[in-house]
Amino acid sequence: MKFVGIVGSNADLSYNRKLLQFIKTQYQDLFELDVVEIKDIPMFNQSDDQTNSSPIQNLNQKILAADGVIIATPEHNHTIPAGLKSVLEWLSFKIHPLENKPVMIVGASYYDQGSSRAQLHLRQILDAPGVNAIVMPGNEFLLGKVKESFNENDQLIDTNTVKFLQGVLEKFVEFVRLVNRLEAPKEEPLPKEDLHVTGTIDTTIKEIDMAAEDWVEQAAAKVNAVEGNTYVKLNRGILTVDQINTFLASMPMELTYADDNNQFLYYNYTKEAEDMLADRVPGQAGNPLALCHPERSLSSVEWVIQQLRSGRQDVVRVHVPTHGPDKFVVHNYQAMHDEEGNYKGINEFILDFKPIVDWYLKQTGLTLEGDIDAGSGASQQDHGVDAGSGASEKA
Amino acid sequence: MKHFIGLVGTNSDQSTNRQLLQFIQTYFKDQATIELMEIKGLPVFNKPKDRIVPDEVKVMANKIEQADGVIISTPEYDHAVPASLMNALNWLSYGIYPFVDKPVMITGASYGTLGSSRAQAHLRQILDAPELKARIMPSSEFLLAHSLQAFNEDNQLLDSSQVEKLTGLFADFITFVDLINQLIHAHGSNKKAAENFSWDNL
């Protein structure tokens with residue numbers, strides 16, 4: 001986890017800075033801490049907007065990128081320093097990087113109180129609608145009498161304090177995880193997919209058994225499909241059907257077309273199933289998608305289609321390491337859309353792109369770094385997308 | 001006649017708190033003279049080791065010392081006092097102590113419904129800190145809500161009940177100043193406590 005630690009003081013000597021630096025090194029196994037300073041941030045003035053100045057933008061970017069923020073505040077006049085308040089005002093004016101960000105407050109002070117009043121004010125400030133941070137409740141860390149608290153190596157002397165701080169920080173790490181779950185976008189469940197193709201769309205060739213081995217022949221006869229050297233006008237050009245076939249057969253990948261009715265209409269048939277990366281057989285053309293996948297992988301197939309139809313993802317990729325180290329095989333499920341942007345189905349293209357990578361490395365003298373196997377584990381695996389489910393594995 | 005400082009609690013060019021103080025200044029001109037004081041342009045307080053405060057702060061401190069009381073009108077930013085006002089108070093309590101035992105009345109205006117209620121509560125705590133130790137008039141909130149709609153083009157408060165309330169508070173403040181001036185017994189020790197307050201000797 002990555003946190004930003006804001007030094008709440010702009011003074012040259014600050015025990016709050018020392019405290020954050022101690023946290024950074026002492027607890028580096030728990031998280032990574034980037035200690036940032038506020039002394040270059042100007043005084044907030046709503047009539048003189050400096051939101052786009054680089055000190056404010058730098059801080060903005062760091063906070064946005066962080067999993068959580070730790071603010072260390074001193075206490076001046078029973079409240080937080082004006083400099084820290086000014087920073088928070090900038091960060092709640094035109095930009096709101098602390099919104100829904102988990103925040104933990106710590107504080108050090110010269111006297112017994114350990115910034116107790118400042119911390120309470122800071123909680124109220126962070127809770128204001130423009131700031132809207134999510135401050136960890138309880139778990140106050142007040143470091144009083146700071147001048148006696150650190151040794152000459154800037155280490156906290158009291159072992160109980162070190163242990164207590166460890167406990168509080170561990171809780172904060174847990175708190176960040178919790179908040180992230182709380183704030184994760186709530187995705188509406190997507191409509192079910194009709195993988196058995198019980199309905200039709202405009203382009204469906206009706207009254208032909210989709211499961212038939214000779215669906216292509218039957219359907220072609222039904223609609224008088226053109227073939228051979230008949231010209232077809234395309235965007236942009238004219239080819240004969242033979243030329244289109246030649247063209248598609250030469251594609252260095254296995255192409256499959258499934259329409260938006262979940263019917264498998266076409267694949268560029270050049271190899272027999274056993275020589276393919278994902279096996280297909282000629283008799284499958286025309287099948288509902290439910291028919292050309294095993295039962296156990298239908299929920300994954302549905303998930304992929306839901307992502308593409310809803311637009312949540314434009315392409316779903318799955319890395320398939322089972323072909324061995326001499327191939328880099330990726331299954332790509334690319335959403336297709338018409339000119340109006342309507343979902344039109346899936347362009348599934350499967351390829352081994354290792355020859356391209358090898359050629360490129362040789363040309364440029366570049367090398368691959370690290371273990372190639374380390375690339376496995378695409379996030380889609382979480383959803384159980386069964387990439388190995390070939391078309392021939394009929395249920 | 002009493003002389004007060006009206007401290008504008010923001011550095012913004014547009015401020016209904018400034019407007020409110022201007023209204024108080026003219027409306028009560030027969031009862032007190034009020035000089036408005038701005039806080040714009042002060043450097044960000046950074047606890048300089050040499051304890052030298054900027055010249056403009058010294059001028060402000062001097063005027064506050066001379067005045068019979070201070071009226072602070074604060075907006076509310078993020079549930080609290082604006083940084084610019086906190087900053088002015090940080091400087092005005094760093095090696096100089098113009099606020100110690102100074103009678104203070106707090107007012108506030110806000111665009112919304114709450115009229116800076118939380119900022120005023122914070123400001124009371126702040127003014128109670130050892131190096132400020134002002135004498136804040138108790139039980140005397142003046143919250144001006146929806147302040148953008150509160151004044152007419154001649155800068156008069158439109159709501160007569162608000163004017164009535166303010167009139168009462170202002171009369172009380174004048175009495176409060178006289179009262180505080182009799183509470184002199186602790187002044188010496190308060191002043192001493194502020195002066196002896198040291199960040200390093202605690």
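The values are calculated or read from the model by the stated rules, or taken from the named source; none is laboratory data. What you are looking at is a predicted structure, and each value in this text was computed from that prediction instead of being measured. All Cβ positions, even for glycine, are placed from backbone atoms using ideal geometry, and neighbour counts span all protein chains on display. Note: areas computed on protein heavy atoms with side chains; ligands, DNA, RNA excluded. Shrake-Rupley method; radii C 1.70, N 1.55, O 1.52, S 1.80 Å.
A few points about this structure:
- The calculated pair-distance distribution of the protein assembly as shown uses every alpha carbon pair, bins of 20 angstrom beginning at 0, and gives 16, 33, 22, 19, 9, 1 percent.
- If you take all other residues with their beta carbon under 15 Å from the beta carbon of B:F176, and give Lys and Arg +1 and Asp and Glu -1, the sum is -1.
- Partner chain coverage, peptide A:80-90 - average Cβ within 10 angstrom: 6
- Exercise: per-residue mean of other protein chain Cβ atoms within 10 Å, B:120-132: 3
- Its Cα gyration tensor gives chain B an equivalent ellipsoid; the semi-axes, largest first and in whole Å, are 28, 20, 15.
- Excluding same-chain neighbours fewer than eight residues apart, the lysines reachable from A:K18 by a Cα-Cα span under 24 Å are A:K2, A:K39, A:K62, A:K85, A:K101, A:K145, A:K147, A:K163, A:K171, B:K47, B:K49.
- Charge sum, other residues only, whose C-beta stays under 14 Å from A:P81's C-beta, Lys/Arg counted +1 and Asp/Glu -1: 0
- The convex hull around the C-alpha trace of the stretch A:2-183, projected and averaged over every direction, spans 9.9 square nanometres.
- For A:Q306, the shell of other residues with beta-carbons less than 14 Å away shows a net charge of -4, using +1 for Lys and Arg and -1 for Asp and Glu.
- Under a model in which nothing but the beta-carbon of Lys, Arg (+1) and Asp, Glu (-1) is charged, the protein assembly as shown shows a dipole of about 2520 debye around its Cα centre.
- Extension gain for A:Q243-A:H323 works out to 25.6 nm (0.36 nm per residue, less the C-alpha to C-alpha distance).
- Modelled this way, with points 7 Å down the Cα-to-C-beta line, the labels at A:Q218 and B:N46 are 8.3 nm from one another.
- What the protein assembly as shown shows is 49 Å² of accessible area per residue, with the surface traced by a 1.4 Å probe over protein heavy atoms.
- Among B:K49, B:K192, B:K133, residue whose mean-square fluctuation peaks in a GNM of chain B (springs only between Cα atoms under 10 Å): B:K49
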